[in-house]
Every structure is written in structure tokens, then in C-alpha cells.
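Only one structure is covered here, and it is reproduced in the block below.
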Amino acid sequence: MAILKRSIYKTPAELRLMVRPGLVTAASLAAVRAAIRPGITTLELDRIAQETIVSLGGRSNFQLVEGYRHTICASVNDEVVHGIPNDRPLEPGDILSIDDGAEVEGWNGDSAFTVVLADASRPAEVAARQRLSDVTEASLWHGIAALAKARHLNEVGTAIEEYIDAQGEFGILTDYIGHGIGRSMHEAPPVFNYRVRAKGPDVKPGLVVAIEPMVTLGTTETVVGDDDWTVSTADGSMASHWEHSIAVHAGGIWVLTAEDGGASGLLPLGITPVPIP
Ligand code: MG
Ligand code: MG
């Protein structure tokens, strides 16, 4: 008996259903970002994300992950991804990555950003952390721009790695990667944030992927904490994580988790995002 396998390519109608969860995800992250300041805890940020998602008619898809009870992942300093919100107040100079996602009517969004809290007493450290975040974010936009022109999915990782390599000494995590997204937050195909030999699937209308470079100021080796979730750098170096969910459609690409479809990041790279018709 043949096993019915869900195609990695969504129909135009399915792509339209992914617009709303993308925007709800974007709104929740914007609300969290606006609240970040020294003294606030990541548990308080978690509540803000949760309230925003629910108020917009969605639900947290992180809470649908087996064993996870929070709306965001909050990864501070040497934590790269999957940090669990806690009651430690944020401090000046912290580099903080927030990752979350919303499900609306059975379809998903997934996105992450990094911020560095100001600290006038440690200008050099803060500048290095800000540059790490800036390089990681720009690498994401280069990966998305590559997707817009790619024939095969591995061109995304090549673009990310080439960009980061040209910026200096940074580590690109290989233990964790991006993914397809749709009815599930995590689905095929895998999306590598670095160069791989295998070409991967064709980039063509209907492909929806979450691209999410995780970059460090040191090693690419990671350790998982005693909580079985938090991923930290093995050498204690600082880390950054940026992510967007992007749809490929017949007219072009559209960044589902950006309010402007990705225009601010893509226009400087010569790509004009096109709304999903
Ligand atoms: Mg994510
Ligand atoms: Mg993801």
C-alpha cells in the first residue's frame, strides 16, 4: 500500500493561510521587543508574547512541542537557542535571543531576533555583541535573498556562510538547522544555514521554509543544559539567533513573519518581496 506523503510544496490557497500566523508571530515578537529593558525577566516577556498571540486569535505553537510549557524561548549570552524563560532580571550588556511562533487555523509561523541591552560601562563588549547580532541578522537576509533566486535549497546555506565568512571570525552552528514549516512548525525539508554538498529540494512555488542562522563569537560546539532544553556554546562565547519564515510563490518570495514582507532587509540586496496573491 502506498503511503501518502505530504508534499513539501503548498498550494496557493495553503500559502494564503500562512499569512495570518506569520503576522501574529511578528506581532508577538514586536511586543516582546518593545518590553525588553534591564530588570524585566524573560518570564514576563513570555507572558507578553502569550497575551499577544491569544489576543490576535492564535495559539503558541511552542506549547504544542512535547514537554515545553512556554510561549517563547529566551536565550541569554552564551545560550544559543531553546533557553527557558526564568525569573532572572535582564542586565545591561546582556545579548538576548527571543524565538516564538503562532499557530492560526492549523498553520504556523516561526521567527526569532536578537537584541543587546545597552551598557555604557562595557562599550567594547557591547559593541562586539551588537556586531555579532548584526552579522547574524544580515546573514539571514543574504540567505533569504539567495532563496529568491535559488534553483536548489542548499544555495541558501552557501549564501549565509559566504556572507559570515567575509565578516571575520564567527562560528556558524551546525548542530541545529532551519526547517520547512506549514501545518507543523517543524517539517521537511531541513534548511542548512551553512554550505552543504547535497543540493536539496528544488526551490519553486509552494516551498515555505524557516531560515535561522545561529552564530557565535567562538566555537560551534554546543552543550545542552541540565534542563534538557537550553543549548549553550561549549566555550561560553556569546551567541545570536535570527529567524524568519519565508514563502516562495509564483510571483516571488514573501517573508511571512515580517510586517513588511521583508522589504527592509531585501530591497538593499536587490530583491523586492511580492505579497502572496
Ligand atoms: Mg524559531
Ligand atoms: Mg525554527
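The values are calculated or read from the model by the stated rules, or taken from the named source; none is laboratory data. None of the values given here were measured: they were computed from a predicted structure. Using ideal geometry, Cβ is built from the backbone for each residue, glycine included, and neighbour counts are taken over all protein chains shown. For the accessible areas, the whole protein counts, side chains as well, though only heavy atoms, and no ligand, DNA or RNA atoms are used. Shrake-Rupley method; radii C 1.70, N 1.55, O 1.52, S 1.80 Å.
How far, in degrees from 0 to 90, does helix 123-149 lean away from the longest principal axis of the Cα atoms of the chain, to the nearest 10?
For 123-149 against the chain, the angle is about 0 degrees.
Which peptide among 46-53, 106-113 comes first, and what is the full order, when sorted by highest mean count of other Cβ atoms within 10 Å?
Output ranking for 46-53, 106-113: 106-113, 46-53.
Send over a whole-number figure in Å² for the accessible area per residue of segment 121-258, probe 1.4 Å.
So segment 121-258 comes to 41 Å² accessible per residue, rounded to a whole number.
Which aspartates and glutamates have a Cα less than 15 Å from the Cα of residue 149, not counting those fewer than 8 places away in the same chain?
Counting by Cα, and skipping residues close in sequence, residue 149 has these aspartates and glutamates nearby: 202.
Just the number, please: carbon plus sulfur as a percent of the accessible area of segment 12-269, 1.4 Å probe, no ligands or DNA/RNA counted.
51 percent
Given charges of +1 on the Cβ of Lys and Arg and -1 on the Cβ of Asp and Glu, with all other atoms neutral, how large is the dipole of segment 21-147 about its Cα centre, in debye to the nearest 20?
200 debye
Provide the per-residue ³J(HN,Hα) series for segment 199-212, in order, calculated from phi with Karplus coefficients 6.51, -1.76, 1.60 and θ = phi - 60°, each as a whole number of Hz, with x at glycine and proline positions.
For segment 199-212, the Karplus curve yields 5, x, x, 4, 8, 8, x, x, 6, 10, 9, 9, 9, 8 Hz.
Give me the dipole magnitude in Debye, nearest 20, for segment 113-255 about the Cα centre, with unit charges on the beta carbon: positive for Lys and Arg, negative for Asp and Glu.
Result for segment 113-255 is approximately 720 debye, rounded to the nearest 20.
Of 13, 208, 120, which is farthest on the positive side of the dipole of segment 12-269, counting Cα position, with +1 on Lys and Arg Cβ, -1 on Asp and Glu Cβ, and the Cα centre as origin?
13
Which value, in debye to the nearest 20, gives the size of the charge dipole of segment 80-171 about its Cα centre, when Lys and Arg are +1 and Asp and Glu are -1 at the Cβ?
Dipole size: approximately 240 debye.
What is the gain in length, in nm to one decimal, between residue 259 and residue 7 on full extension, counting 0.36 nm per residue of separation less the C-alpha to C-alpha distance?
Extending this stretch completely gives an extra 88.0 nm.
From the residues 153, 98, 251, which one has its Cα farthest along the dipole of the chain in the positive direction, the dipole being from +1 and -1 charges on Cβ of Lys/Arg and Asp/Glu about the Cα centre?
251
Whose amide H sits under 5 Å from the amide H of residue 153, counting only residues 5 or more places off or on another chain, with H placed in the peptide plane?
Counting only residues 5 or more places away or on other chains, the set is 203.
What's the long-distance tail for segment 12-269, i.e. % of Cα pairs beyond 28 Å?
Considering segment 12-269, 28 percent of its Cα-Cα pairs are separated by more than 28 Å.
Taking the chain as a Gaussian network, Cα atoms linked when under 10 Å apart, which of 171, 262, 67 shows the biggest mean-square fluctuation?
Highest fluctuation among the options: 67.
With springs only between Cα atoms under 10 Å, which of 253, 40, 181 fluctuates most in a Gaussian network model of the chain?
Fluctuation is largest for 40.
Taking amide H positions as placed 1.01 Å from N in the peptide plane, with prolines and chain starts having none, which residues 5 or more places from residue 94, or on another chain, fall under 5 Å of its amide H?
117
By average Cβ neighbour count within 10 Å, what is the ranking of 7-14, 254-261, 144-151 from highest down?
Going by the mean number of other Cβ atoms within 10 Å, highest first, we get 254-261, 144-151, 7-14.
Under the rule of -39500 (n - 2.57) per DSSP H run of 4 or more residues, summed and divided by the residues of the chain, what mean residue ellipticity at 222 nm is obtained, to the nearest 500 deg cm²/dmol?
One gets -9000 deg cm²/dmol as the mean residue ellipticity at 222 nm.
Using 1/(1 + (r/R0)^6) with R0 = 45 angstrom and r between the beta carbons of residue 130 and residue 183, what's the FRET efficiency to the nearest 0.05?
Working from the Cβ atoms, E equals 0.75.
Based on the Cβ-Cβ distance of residue 64 and residue 234, what FRET efficiency does E = 1/(1 + (r/R0)^6) give at R0 = 41 Å, to the nearest 0.05?
With R0 = 41 Å, the Cβ-Cβ based efficiency is 0.85.
Placing +1 on the Cβ of each Lys and Arg and -1 on the Cβ of each Asp and Glu in segment 12-269, which of 61, 144, 71 has its Cα farthest towards the positive end of the resulting dipole?
Positive-end residue among those listed: 144.
Residue 81's amide H: which non-local residues (gap 5+, or another chain) put their own amide H closer than 5 Å, with H modeled 1.01 Å from N in plane and none for Pro or chain starts?
Residues meeting the amide H criterion: 231.
Report, to the nearest 10°, how far helix 42-55 tilts away from the longest principal axis of the Cα atoms in the chain, using its own Cα long axis and a range of 0 to 90°.
It is inclined by approximately 30 degrees.
Between segment 43-115 and segment 223-238, how many Å separate their Cα centres?
First find each Cα centre; the distance between them is then 17 Å.
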